[in-house]
Amino acid sequence: MPDEPNRDRADRILDAAADLLVRWGSRKVTIEDIARHAGIGKGTVYLHWRTKDQLFEAVLMRASITLLEGCAAQLREDPRAVVPHRYFRATFLLTVRDPLLSAMLANDTELLGHYALTARDTRQAAAETTERTWDVWTSGGFLRTDVANLRFSVAAAASGFYLYGNVNPDYEHVTLESKADSLAHVIRSGFEPAAEPGPAVVEKAAAELREVLETYVSACRAAIYPGSTTTEAG
């Protein structure tokens, strides 16, 4: 890992870039703006990232792994968070409460500009993590086996909770917590077996999924913070 002063400085730059990206949109933000917002010189930004593109790629990747870190933290706190309806509830709240993650999910080209393609690539890069999450669920018996096109059905059901509010303002009054509860109910009633797996299965699955998430996060951190030679333990 880079020495702590450099790591702290890199995080200040990323924080500043993310804040301005959400407030102004990618087209209006310059390296000079980011440096000023971070309270450093423009040249210092280039010590970490050589171009604006590289910096914003790091911003989007860090946003993505922040989501996974949040999921891993919940798994450490309560292994039952591995059960799909609880996992979907948690990821929904972590995502919609973060304006940058929400913009990435919605492919918001007005905010992200051409970095919307970077956001898409970042999601695709995490495809192996998604695959292994499904492996954990299916091998542990967390999902029904009698639902046709199960993955499509689950994804379609879950994505509606993220996107429907954007096309129908009639439900703006519904709180995020209520939406998350409804999503959990849909996943639980529609796609999970009547009885949850036992504690031993849940503990094992939680440990496996946490390892998957933390391994991916560690790999991403090496890319986000140039010059890193080691990564943090999960």
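Quick notes on this structure:
- Residue match in segment 80-90 (condition: aromatic (Phe, Trp, Tyr), open to solvent by less than 10 Å² (accessible area, probe 1.4 Å) and in contact (Cβ under 8 Å) with a residue 60 or more places away in the chain): no
- Of the residues making up segment 163-174, not a single one is surrounded by 12 or more Cβ atoms within 10 Å (Cβ to Cβ), in contact (Cβ under 8 Å) with a residue 24 or more places away in the chain and not hydrophobic (A, V, I, L, M, F, W, C).
- Among (1) touching a residue at least 24 places away in the same chain (Cβ under 8 Å); (2) of a type in the set (A, V, I, L, M, F, W, C); (3) within 20 Å of Ala126 (Cβ to Cβ); (4) surrounded by fewer than 19 Cβ atoms within 10 Å (Cβ to Cβ), the one test that Ile31 misses: (3)
- Any hit, segment 48-64, residues being touching a Lys or Arg at 6+ places or on another chain (Cβ under 7 Å) and assigned to a helix (DSSP H, G or I): no
- Restricted to segment 153-165, and to residues there that are closer than 18 Å to Ser189 by Cβ and not aliphatic (A, V, I, L, M), the residue that is farthest from the chain's Cα centre (by Cα) is Ser153.
- Thr129, sole failed condition from (1) over 25 Å from Phe56 (Cα atoms); (2) modelled with pLDDT of 85 or more: (1)
- Val201 being farther than 17 Å from Asp78 by Cβ and open to solvent by 30 Å² or more (accessible area, probe 1.4 Å): no
- Test: residue in segment 181-191 that is in a helix (DSSP H, G or I), among the hydroxyl-bearing types (Ser, Thr, Tyr), open to solvent by 30 Å² or more (accessible area, probe 1.4 Å) and without any contact (Cβ under 8 Å) to a residue 40 or more places away in the chain: yes
- Per the listing Thr133, Thr138, the residue uniquely open to solvent by 50 Å² or more (accessible area, probe 1.4 Å) and within 25 Å of Ala200 (Cβ to Cβ) is Thr138.
- Evaluation of Gly70 against (1) open to solvent by 60 Å² or more (accessible area, probe 1.4 Å); (2) in contact with a Leu (Cβ under 7 Å, 6 or more places away or on another chain) (one fails), failing number: (1)
- Residues (under 14 Å from His85 (Cα atoms) and out of contact with any Leu (no Cβ under 8 Å at 6 or more places or on another chain)) located in segment 139-150: Gly141, Phe142
- Inter-residue pairs, beta-carbon under 7 Å, first under 21 Å from Tyr87 (Cβ atoms) and touching a residue at least 60 places away in the same chain (Cβ under 8 Å) and in segment 207-226, second assigned to a helix (DSSP H, G or I) and open to solvent by 40 Å² or more (accessible area, probe 1.4 Å), 6+ apart: Arg210/Arg76; Val212/Arg132; Val217/Glu69; Cys220/Met61
- Leading residue by the ranking (farthest from the chain's Cα centre (by Cα)) among those in segment 56-67 that are of a type in the set (A, V, I, L, M, F, W, C) and open to solvent by less than 40 Å² (accessible area, probe 1.4 Å): Phe56
The values are calculated or read from the model by the stated rules, or taken from the named source; none is laboratory data. Just so it is clear, the structure is predicted and the values come from calculations on it, not from any experiment. Note: ideal-geometry Cβ built from the backbone for every residue, glycine included; neighbour counts use all protein chains shown. Note: areas computed on protein heavy atoms with side chains; ligands, DNA, RNA excluded. Shrake-Rupley method; radii C 1.70, N 1.55, O 1.52, S 1.80 Å.
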